[in-house]
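Taken together, the values in this text are just the output of simple stated rules run on the coordinates, not laboratory data. Keep in mind it's a predicted model, so treat the numbers as computed, not measured. Cβ: placed from backbone, ideal geometry, glycine included. Neighbour counts: every protein chain shown.
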Amino acid sequence: MPPVPGQHQIPHWFTTKVKITLVACVVAALGLGALGAMGIYWADRSGPPSDGDCLYLTREGAGKLAYHRVGCSANNATFKVENTYRGAIACGSGDYVRFRLGSGSGQTLCLALNVKAGDCLRDVDDESTIGKVLCTDATAQERVEILSGFGRDDNCEGADKVLSYAGPPARTVCLIKTGENI
């Protein structure tokens with residue numbers, strides 16, 4: 001049958017079988033690309049924590065602490081890795097929680113509280129149970145105020161506990177007992 005003028009002709013080789021094969025190839029390529037991206041993401045996340053990562057700690061068997069990596073905006077992200085060192089080294093100046101990774105990596109993590117001004121905390125004296133809570137929560141013990149600069153303890157009026165971190169950024173975290181005036 002001769003082609004009709006003005007009508008677009010499909011090449012004779014572009015059969016249904018060819019169309020299905022092309023669609024299957026596109027879907028397979030997209031799937032492999034997504035798997036590759038996920039693999040790169042998890043490979044990056046599966047190693048030991050590094051500077052800037054956030055985590056929380058739990059007490060495992062025999063009283064040993066274990067870390068659990070979470071996003072820094074997560075409510076259970078109580079600590080942020082401020083520095084990592086090779087070996088069993090002391091953290092720099094400040095009130096860091098020193099966390100030694102297992103013998104395999106030989107790293108020491110220096111953890112600072114991952115808080116912002118106005119946060120409220122419970123169980124402040126135990127790094128494995130400390131947590132962020134609503135300030136109206138009955139378990140809230142301390143409200144956070146943050147001052148820029150290291151060692152500004154004198155400026156934390158009414159603070160129950162003061163923590164200083166050399167940073168960057170250098171800051172002083174004032175923990176003020178919660179009460180009716182929060």
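Odds and ends about this structure:
- Sequence-distant lysines (8 or more away, or on other chains) whose Cα lies within less than 26 Å of Lys177: Lys80, Lys116, Lys132, Lys161
- Phi to ³J(HN,Hα) by Karplus 6.51 cos²θ - 1.76 cosθ + 1.60 over region 74-87, Hz, x for Gly, Pro: 5, 5, 8, 7, 7, 10, 10, 6, 8, 8, 10, 10, 7, x
- Taking 0.36 nm per residue of sequence separation and removing the Cα-Cα distance, the Asp51/Asp154 pair yields an extension gain of 34.2 nm.
- Estimated FRET transfer efficiency when R0 is 45 angstrom, pair Lys116-Ala62 (beta carbons, to 0.05): 0.85
- Ranked packing of 51-58, 107-114, 87-94, most packed first, by mean Cβ within 10 Å: 107-114, 51-58, 87-94
- Whether region 96-182 is rounded, prolate or oblate, judged on the alpha carbon gyration tensor where a/c under 1.5 counts as rounded: oblate
- For region 90-182, the list of GluC sites (Glu not before Pro) that fall in a loop by DSSP and count at most 13 other C-beta atoms within 10 angstrom reads Glu157, Glu180.
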